[in-house]
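Undergrad: Quick one: this structure, given as structure tokens, is what I'll be asking you about.
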Amino acid sequence: MTIAPALDRVDLDVLGHEMHALIAELYPICRSITGNGFRETLNRLQRFIPVTMHEVPSGTQVFDWTVPLEWNIRDAYVKNSRGERVIDFQKSNLHVLNYSVPVHQKMRLEELRPHLFTLPDHPDWIPYRTTYYQRNWGFCLSHRQFLDLPEEEYEICIDSSLENGHLTYGEIYLPGDTADEILISAHTCHPSLANDNLSGVAITCSLARYISQLPRRYSYRFLFIPGTIGAITWLCLNESVVPRIKHGLVLAGVGDAGALSYKKTRRGNTEIDQAAAHVLRHTGAESQILEFSPYGYDERQYCSPGFNLAVGRLSRTPHGTFPEYHTSADDLSFVSPHALSKSFSTCVSIFSILERNRTYLNTNPKCEPQLGERGLYRMMGGSTDNKTSEMAMLWVLNLSDGNYSLLEIAERAQLSFDSIFDAATALKQHGLLKDATMTPSSEATEKRA
Ligand SMILES: [Zn+2]
């Protein structure tokens, strides 16, 4: 499989800057869980990779939820008595409580106040607030801006619509040698916020483009969906596909300067849990592994008990634990090309292990085979590399009894997956290993190939 080796040909520095430029392009668009901002975002991704756009009508019942009315917005402002826009949607789309119903009227500050949202602890930042499932309207503004509002009459206008329409989501399916799938999911519903989750959108887009050009064992499915309702809708409408999903990753908050963190699947000991832990441990950088909890992003839906999929989550600083989270400070300067490219290569390393991981049987299990006679023992130089590859071969031979995958052998041997994989490849070439899962007929096919 060539998914990891091909990474050597990618200029990660250039890719990091390309992903940052894509985030900068998408950043001004006013997205929500439905509406034209979401469509516009998917349209722009089409430049890089063919994304299939799906439209699900408002009112569609999806498990315990209903696809909401479609929300669109053209303009919004609060004007003072001199007709000046003191809060202006055109300056930042965060100024509008996302999913606000239309309103156009005059009112005094005291009447307006319950509809204003600020962050007193961070007086220069605009909070990001939503009202998807409760009819309301409002404005978000910096606390400093709020304190400057004199007691007078204001003209309030939110030129939005909340009507029967559709929930839009984007999907890319890349068939592989097997129908077994790896799912990559990014929520795409936030307006001008960079880390949460344009970082996930940009990396998902780059992964799809990268993997589409390479031979692959697994089929890959990439989803650009509105948070929560999008995952619920996709799972409800695609239940027949779900059994094919063998591994998955939710990508969210992957562009900030914090250490990489992997949140385990609900099952907690799946192959992707092992692969992600192995990759993070071998990056040499600080990282953390988080246990599953039913709070977070769309892993909540993929790991609900009725599905219980092997879907983990890759993030950097976990959501809600950095002050910039869901504020105007989660801007373009909060995400960096370097962090984005490192998150990208981490995903590739995880998929590359999944692509190559196998379980073998030692064909010569009674005592050690004569490795020297087969040219597999390179004792002469005694270099560290040779020592590692010899240890790797001994571990693979010893643990290849059908119960350990190469990844599990790497973990037990405390060696990198790559050295265990290389050892297994050499041993297989000398007939000392055979695929533990192979039936006699598929073995014959492989021999002919
Ligand atoms: Zn969020």
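Undergrad: Sort the following peptides by mean Cβ neighbour count (other Cβ atoms within 10 Å, averaged over residues), highest first: 316-325, 194-203.
TA: By packing density, highest mean first, the sequence is 194-203, 316-325.
Undergrad: Mind listing the phi-derived Karplus ³J(HN,Hα) values for region 408-414, rounded to whole Hz, using 6.51, -1.76 and 1.60 with θ = phi - 60°, and x for any glycine or proline?
TA: Result, rounded to whole Hz: 5, 5, 4, 5, 5, 7, 6.
Undergrad: Could you pull out every one of the lysines with an alpha carbon less than 20 Å from that of LYS342, ignoring same-chain neighbours closer than 8 positions?
TA: Of all the lysines, those that pass the test against LYS342 - Cα under 20 Å, at least 8 places apart if same chain - are LYS263, LYS264.
Undergrad: Of SER343, SER58, SER328, which is the most mobile in a GNM of the chain whose springs link Cα atoms less than 10 angstrom apart?
TA: Greatest mean-square fluctuation among the candidates belongs to SER58.
Undergrad: When we measure straight from the Cα of LYS106, which lysines land under 20 angstrom away, once same-chain ones fewer than 8 places off are left out?
TA: Result set, ordered by chain and number: LYS79.
Undergrad: So how far apart, in nm, are the two label points at THR283 and GLU110 if each is 7 Å from Cα heading toward Cβ?
TA: 5.4 nm
Undergrad: Angle check, please: helix 271-282 long axis (alpha carbons) against the longest principal axis of the chain (alpha carbons), in degrees 0 to 90, nearest 10.
TA: So the inclination is approximately 90 degrees.
Undergrad: While we're on this one: Near ASN80, within a Cβ-to-Cβ distance under 13 Å, what is the net charge of the other residues, with Lys and Arg +1 and Asp and Glu -1? Could the numbers behind the result be given before it?
TA: On the way: positive: LYS79, ARG82, ARG85, LYS106, ARG108; negative: GLU84, ASP88, ASP148, GLU151, GLU152, GLU153, GLU155.
Around ASN80, the surrounding residues sum to -2.
Undergrad: Turning to a different aspect of this structure: Report, ordered by chain and residue number, the lysines lying within cross-link reach of LYS428, taken as a straight Cα distance under 29 Å and ignoring same-chain residues fewer than 8 apart.
TA: Within the straight-line cut-off, LYS428 pairs with LYS246, LYS366, LYS387, LYS447.
Undergrad: In percent, what relative contact order does the chain have, based on Cα pairs under 8 Å that are 6 or more apart in sequence?
TA: Value for the chain: 17 percent.
Undergrad: Still on this structure: Please state, to two decimals, what the Cα-based radius of gyration of the chain comes to when divided by 2.2 N^0.38 Å (N = residues). The partial results should precede the final answer.
TA: Values: Rg = 25.9 Å, N = 449, 2.2 N^0.38 = 22.4 Å.
The reported ratio for this selection is 1.15.
Undergrad: What list of whole percents do you get for P(r) of region 1-144, with Cα-Cα distances grouped in 5 Å bins up to the one holding the largest distance?
TA: Going out from 0 Å in 5 Å bins, region 1-144 shows 2, 8, 13, 16, 15, 13, 11, 9, 7, 4, 2, 1, 1, 0 percent.
Undergrad: Would you compute, from DSSP H runs of 4+ residues alone, the mean residue ellipticity of the chain at 222 nm, taking -39500 (n - 2.57) per run and dividing by the full residue count, rounded to the nearest 500?
TA: Mean residue ellipticity at 222 nm (helix-derived): -9000 deg cm²/dmol.
Undergrad: Return a whole-number percent for the relative contact order of region 197-297, with Cα pairs under 8 Å and 6 or more residues apart as the contact set.
TA: So the answer I get is 30 percent.
Undergrad: Right, here's the next one. Based on DSSP, what percent of beta bridges with both residues in the chain are antiparallel, to the nearest 5?
TA: 65 percent
Undergrad: Sort out for me the Cα centre separation of region 153-184 from region 188-240, rounded to whole Å.
TA: About 10 Å separates the Cα centre of region 153-184 from the one of region 188-240.
Undergrad: Given the peptides 244-255, 174-185, arrange them by the average over their residues of other C-beta atoms within 10 Å, most packed first.
TA: Packing order, densest peptide first, comes out as 244-255, 174-185.
We did not get these values from a lab; they are worked out from the coordinates using the rules stated. In this text the structure is predicted, and so the values were computed from the model without any measurement. Virtual Cβ from ideal backbone geometry, glycine too; neighbours counted across all protein chains shown.
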